[in-house]
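Engineer: This is the structure I have questions about; it appears just below.
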Amino acid sequence: QVQLVESGGDLVQPGGSLRLSCAASGSIFSIRALAWYRQAPGKQRELVASITSGDTTNYADSVKGRFTVSRDNAKNMVYLQMNSLKPEDTAVYYCNANVLLRSDGPTFSYWGQGTQVTVSS
């Protein structure tokens, strides 16, 4: 079993910053792609940012230049640095990991429970 636990969500004023963290634990051989998604009330879950095992990153147009995704492979962690936050960034943020449980196995996708980010004055 693999568990993902997010942290760092909070209430922040517009223009502020937050750093989200996601820790993966369990029977992990290696982690391939990691990603952050978000879901606002009444909206579909959307991809915010992703990072491959080779550190190639991808961002939603709405967060480019403001958010930065990074990973620490030694700690099985992924981070999302969010700057210049806007009210429209308000959502529950979810961590997603594509995990190899053994060297010759398929990858499995796991989700965290989410962390609330609220941007409001």
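Engineer: With respect to Ser30, determine if the residue is touching a Gly at 6+ places or on another chain (Cβ under 6 Å) and open to solvent by less than 40 Å² (accessible area, probe 1.4 Å).
Structural biologist: Here the answer is no, as Ser30 does not meet what is asked.
Engineer: If Asn96 satisfies every condition in (1) open to solvent by 20 Å² or more (accessible area, probe 1.4 Å); (2) assigned to a strand (DSSP E or B); (3) of a type in the set (S, T, N, Q) but one, which is the exception?
Structural biologist: Tallying (1) open to solvent by 20 Å² or more (accessible area, probe 1.4 Å); (2) assigned to a strand (DSSP E or B); (3) of a type in the set (S, T, N, Q), Asn96 fails exactly one: (1).
Engineer: Right, something else. Only one residue in Gly114, Gly42 is surrounded by 14 or more Cβ atoms within 10 Å (Cβ to Cβ) and at positive phi, so which one is that?
Structural biologist: Gly114
Engineer: Would you mind stating whether Gly65 is under 17 Å from Arg19 (Cα atoms) and open to solvent by 60 Å² or more (accessible area, probe 1.4 Å)?
Structural biologist: yes
Engineer: Give me the residue from the range 68-85 that is within 22 Å of Leu11 (Cβ to Cβ) and of a type in the set (Ser, Thr, Tyr) and, out of that set, surrounded by the most Cβ atoms within 10 Å (Cβ to Cβ).
Structural biologist: Ranking the candidates gives Tyr79 first.
The values are calculated or read from the model by the stated rules, or taken from the named source; none is laboratory data. Model, not experiment: these values are computed from the prediction. Glycine gets a Cβ as well: all are built from the backbone with ideal geometry, and neighbour counts include every protein chain shown. Keep in mind that these areas ignore ligands, DNA and RNA; they rest on the heavy atoms of the full protein, side chains included. Shrake-Rupley method; radii C 1.70, N 1.55, O 1.52, S 1.80 Å.
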